[in-house]
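First comes the structure, then the notes that go with it.
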Amino acid sequence: MSLLVSLLWATITTYLGINDERIWNSFFLQYLWEFVLGMWLAKIYFEHPEKIKVPKFGILLGAMIVGLGLTGVAGIVGGYWKSYNDIPSLVGYMSMALIVYKLSINWVNLFFQYTNKISYEWYLIHILIFSIYFKFVRGILPFYADWVVLMLVSYVVAIGYHKVLKKI
């Protein structure tokens, strides 16, 4: 049902020609199905973890290539293609994350597990950090250096924010 609601929202905004405006294409109805899917998977994982099976490497690699490829095409073509790119994006990025996890590089897996703990705080704080940074520092560093600094600063601030919230 939530997938239908999200597809209907994407169709309406595309039909009205407002699908490229952030306020409409980032509205919660566009992503409702992803939250519902995540909650459903979490429920299965906590109630019956044996039912969750990670696909084999070859399947994950194929799914990643197809998913990210379709996402890239949708981003380049834009328009209504971009309105419906959530499913291939989810498949591509989820497959990529599972591949990284299956590589069993301990420090990488620990980094992502820790990041998972602070991800909500990072989500809440990143736009504030980006806005402050671009207000005062824009143009001093090369574009890519800006993004490295922004990711590191917002990550560190999110860690601090997480620690403050844990004390409350």
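Observations on the model:
- Criterion: free of Cβ contacts under 8 Å to residues at least 12 places away in the same chain and surrounded by 12 or more Cβ atoms within 10 Å (Cβ to Cβ) - qualifying residue of 5, 73: 73
- Condition met for residue 26 (touching an Asp or Glu at 6+ places or on another chain (Cβ under 8 Å) and either surrounded by 15 or more Cβ atoms within 10 Å (Cβ to Cβ) or under 17 Å from residue 82 (Cα atoms) (or both)): no
- Residue in segment 81-100 that is modelled with pLDDT under 90, surrounded by fewer than 15 Cβ atoms within 10 Å (Cβ to Cβ) and in a loop (DSSP other than H, G, I, E, B) present: no
- When residue 43 is tested against (1) modelled with pLDDT of 90 or more; (2) loosely packed, with under 15 Cβ neighbours inside 10 Å; (3) within 22 Å of residue 102 (Cα to Cα), exactly one condition is not met: (3).
- Residues that are in a helix (DSSP H, G or I), at pLDDT 90 or above and surrounded by fewer than 17 Cβ atoms within 10 Å (Cβ to Cβ), drawn from segment 51-70: 57, 58, 59, 61, 62, 65, 66, 69
- Where residue 19 falls short, out of the listed (1) in a helix (DSSP H, G or I); (2) in contact with a Ser or Thr (Cβ under 9 Å, 6 or more places away or on another chain); (3) farther than 25 Å from residue 99 by Cβ: (1)
The values are calculated or read from the model by the stated rules, or taken from the named source; none is laboratory data. Everything numeric in this text was worked out from a predicted model, so none of it was measured. Here the Cβ is made from the backbone with ideal geometry for all residues, glycine too, and neighbour counts use every protein chain on show.
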